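Comments concern the structure below.
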Amino acid sequence: MQLECFPTIADPPEMVPGRPDRAWMDGFAGRSPYRCLPLTMANTSGWELLCPTGFTAEWNGGQAAADLKVIPDVTGADLGHLVRSHFAYGTLTFHTGYLFRTPPGWAVQVSGPPNGAKHGIQALSGLVETDWLPFPFTMNWLFTAPGRVRFEKGEPFCFIQVVEDRKLERIEPVIRKLDSEPELKDQYEVWSRLRAEFNEKLDARDPEALKASWQRFYFKGAPPERGGPAPEAHINRRRLKKPEVE
């Protein structure tokens, strides 16, 4: 299975597998957010498109395209092929530099880098039917208030994931009582009890709990009352392939 990436310009932005690191996660004591496996898995479950140059975007709050200005780091540089105000209303539009194609039934979900908060501007998300689309899409960010934002060279401005979206319509959400699944209920109650006991020990500054710092049930992929090896389907590190040039 391939994600075909056709450059539409001579020197398209670099595309790399998603990286787990986030500056705000680094800022926590002991880098504790990295213990949350769902966070790091989301950060790495796709590919990043990186800014080839740094720039500042400034919006004065107006509705016209001219009310948003892109100021390149290199004086006089023309960034119109990469980023500009196209849709107006404080919307910053990036051109990915690629036309993407996916196998039948698969689409590209496009967004900003997961868990990559950026002050003053919000990445917009889209789902693109790349299994038939013969032209590229854009990546858009919406200013949340008038002001200035920075995009550094090498910073991801777009994050793409390949999803089998057509099957979503087959899924039927069902709300059931936990009592209907006795084994699942037992596992949940064991976890709930152990979680509460551990948090109480942390609050009481229990030395062993402080040394352990956190419980690893999810990271290990094993229910707390069972232990042993993780299920074969469990993964705690994503290893996506780098794009290859043909």
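The values are calculated or read from the model by the stated rules, or taken from the named source; none is laboratory data. Given the structure is predicted, the values throughout are model-derived calculations rather than measurements. Methodologically, a virtual Cβ is constructed for each residue, glycine included, from the backbone with ideal geometry; neighbour enumeration extends over all protein chains shown.
When the residues of the stretch 47-72 are narrowed to those that are of a type in the set (Asp, Glu) and touching a strand residue (DSSP E or B) at 6+ places or on another chain (Cβ under 6 Å), which ends up farthest from Met15 (Cα to Cα)?
Step one: list which residues in the stretch 47-72 are of a type in the set (Asp, Glu), which gives 48, 58, 67.
The next check asks that each one be touching a strand residue (DSSP E or B) at 6+ places or on another chain (Cβ under 6 Å); those that pass are 48, 58.
Working: Glu48: 6, Glu58: 26 Å.
Selected residue: Glu58.
A quick yes/no check of all residues on (1) surrounded by 11 or more Cβ atoms within 10 Å (Cβ to Cβ); (2) farther than 30 Å from Gly46 by Cα; (3) more than 25 Å from the chain's Cα centre (by Cα); (4) of a type in the set (Ser, Thr, Tyr):
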position: Lys177; (1), (2), (3), (4): no, yes, yes, no
position: Glu189; (1), (2), (3), (4): yes, yes, yes, no
position: Ala196; (1), (2), (3), (4): no, yes, yes, no
position: Lys220; (1), (2), (3), (4): yes, no, no, no
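Go through the stretch 49-73 and report how many residues are surrounded by 13 or more Cβ atoms within 10 Å (Cβ to Cβ) and in contact (Cβ under 8 Å) with a residue 60 or more places away in the chain.
Total satisfying the criteria: 14.
Filter the stretch 6-47 for residues that are in a loop (DSSP other than H, G, I, E, B) and surrounded by fewer than 11 Cβ atoms within 10 Å (Cβ to Cβ) and give the result.
Residues of the stretch 6-47 in a loop (DSSP other than H, G, I, E, B): 8-14, 18-22, 27-28, 36, 45-46.
If the condition is that a residue be in a loop (DSSP other than H, G, I, E, B) and surrounded by fewer than 11 Cβ atoms within 10 Å (Cβ to Cβ), then Ala10, Asp11, Gly27 are the ones that fit.
Residue check: is Thr102 under 17 Å from the mean Cα position of the chain (by Cα) and crowded, with 17+ Cβ neighbours inside 10 Å?
Working: under 17 Å from the mean Cα position of the chain (by Cα): no; crowded, with 17+ Cβ neighbours inside 10 Å: yes.
Criteria not met by Thr102.
Suppose we filter the stretch 48-79 for residues that are part of a loop (DSSP other than H, G, I, E, B), of a type outside the set (D, E, K, R) and over 30 Å from Val163 (Cα atoms); how many remain? It would help to see each step written out before you state the result.
Of the stretch 48-79, the ones part of a loop (DSSP other than H, G, I, E, B) are 51-54, 60-64, 73-79.
Now restrict to residues that are of a type outside the set (D, E, K, R): 51-54, 60-64, 74-77, 79.
If we keep only those that are over 30 Å from Val163 (Cα atoms) too, we end up with 54, 60-64, 74-77, 79.
Of the residues in the stretch 48-79, 11 are part of a loop (DSSP other than H, G, I, E, B), of a type outside the set (D, E, K, R) and over 30 Å from Val163 (Cα atoms).
If Asn115 passes every condition in (1) surrounded by 14 or more Cβ atoms within 10 Å (Cβ to Cβ); (2) free of Cβ contacts under 8 Å to residues at least 40 places away in the same chain; (3) part of a loop (DSSP other than H, G, I, E, B) but one, which one does it miss?
With respect to (1) surrounded by 14 or more Cβ atoms within 10 Å (Cβ to Cβ); (2) free of Cβ contacts under 8 Å to residues at least 40 places away in the same chain; (3) part of a loop (DSSP other than H, G, I, E, B), Asn115 is out only on (2).
Hey, can you tell me all the residues within the stretch 87-111 that are β-branched (Val, Ile, Thr) and either over 17 Å from Val16 (Cα atoms) or in a strand (DSSP E or B) (or both)?
The first filter runs over the stretch 87-111 and keeps only residues β-branched (Val, Ile, Thr), leaving 91, 93, 96, 102, 108, 110.
Thr91, Thr93, Thr102, Val108, Val110, listed by residue number.
Looking at Leu79 and the list (1) over 23 Å from Thr144 (Cα atoms); (2) at pLDDT below 95; (3) surrounded by 15 or more Cβ atoms within 10 Å (Cβ to Cβ); (4) of a type outside the set (S, T, N, Q), which single condition is not satisfied?
In the conditions (1) over 23 Å from Thr144 (Cα atoms); (2) at pLDDT below 95; (3) surrounded by 15 or more Cβ atoms within 10 Å (Cβ to Cβ); (4) of a type outside the set (S, T, N, Q), Leu79 misses (1) alone.
Take Leu92 and tell me if it is assigned by TED's automatic domain parsing to the domain that holds Trp141, surrounded by 15 or more Cβ atoms within 10 Å (Cβ to Cβ) and at pLDDT below 95. Walk me through how you get there before you give the answer.
Numbers: assigned by TED's automatic domain parsing to the domain that holds Trp141: yes; surrounded by 15 or more Cβ atoms within 10 Å (Cβ to Cβ): yes; at pLDDT below 95: no.
So Leu92 does not fit the description; no.
So Leu142 ticks every box in (1) surrounded by fewer than 15 Cβ atoms within 10 Å (Cβ to Cβ); (2) under 18 Å from the mean Cα position of the chain (by Cα); (3) under 18 Å from Thr8 (Cα atoms); (4) of a type outside the set (Phe, Trp, Tyr) but one. Which box is left unticked?
Tallying (1) surrounded by fewer than 15 Cβ atoms within 10 Å (Cβ to Cβ); (2) under 18 Å from the mean Cα position of the chain (by Cα); (3) under 18 Å from Thr8 (Cα atoms); (4) of a type outside the set (Phe, Trp, Tyr), Leu142 fails exactly one: (3).
Which of the residues spanning the stretch 1-13 are touching a Pro at 6+ places or on another chain (Cβ under 7 Å) and modelled with pLDDT of 95 or more?
Cys5, Thr8, Pro13
Would you mind stating whether Glu200 is acidic (Asp, Glu), modelled with pLDDT under 95, loosely packed, with under 11 Cβ neighbours inside 10 Å and more than 23 Å from the chain's Cα centre (by Cα)?
On the way: acidic (Asp, Glu): yes; modelled with pLDDT under 95: yes; loosely packed, with under 11 Cβ neighbours inside 10 Å: no; more than 23 Å from the chain's Cα centre (by Cα): yes.
Spelling it out, it is not the case that Glu200 is acidic (Asp, Glu), modelled with pLDDT under 95, loosely packed, with under 11 Cβ neighbours inside 10 Å and more than 23 Å from the chain's Cα centre (by Cα).
List the pairs whose first member sits in the stretch 26-48 and is in the same structural domain as Val162 (by TED's automatic domain parsing), whose second member is basic (Lys, Arg), and whose Cβ atoms are under 6 Å apart, counting only residues at least 6 apart or on separate chains?
Met41/Arg238; Thr44/Arg238; Ser45/Arg238
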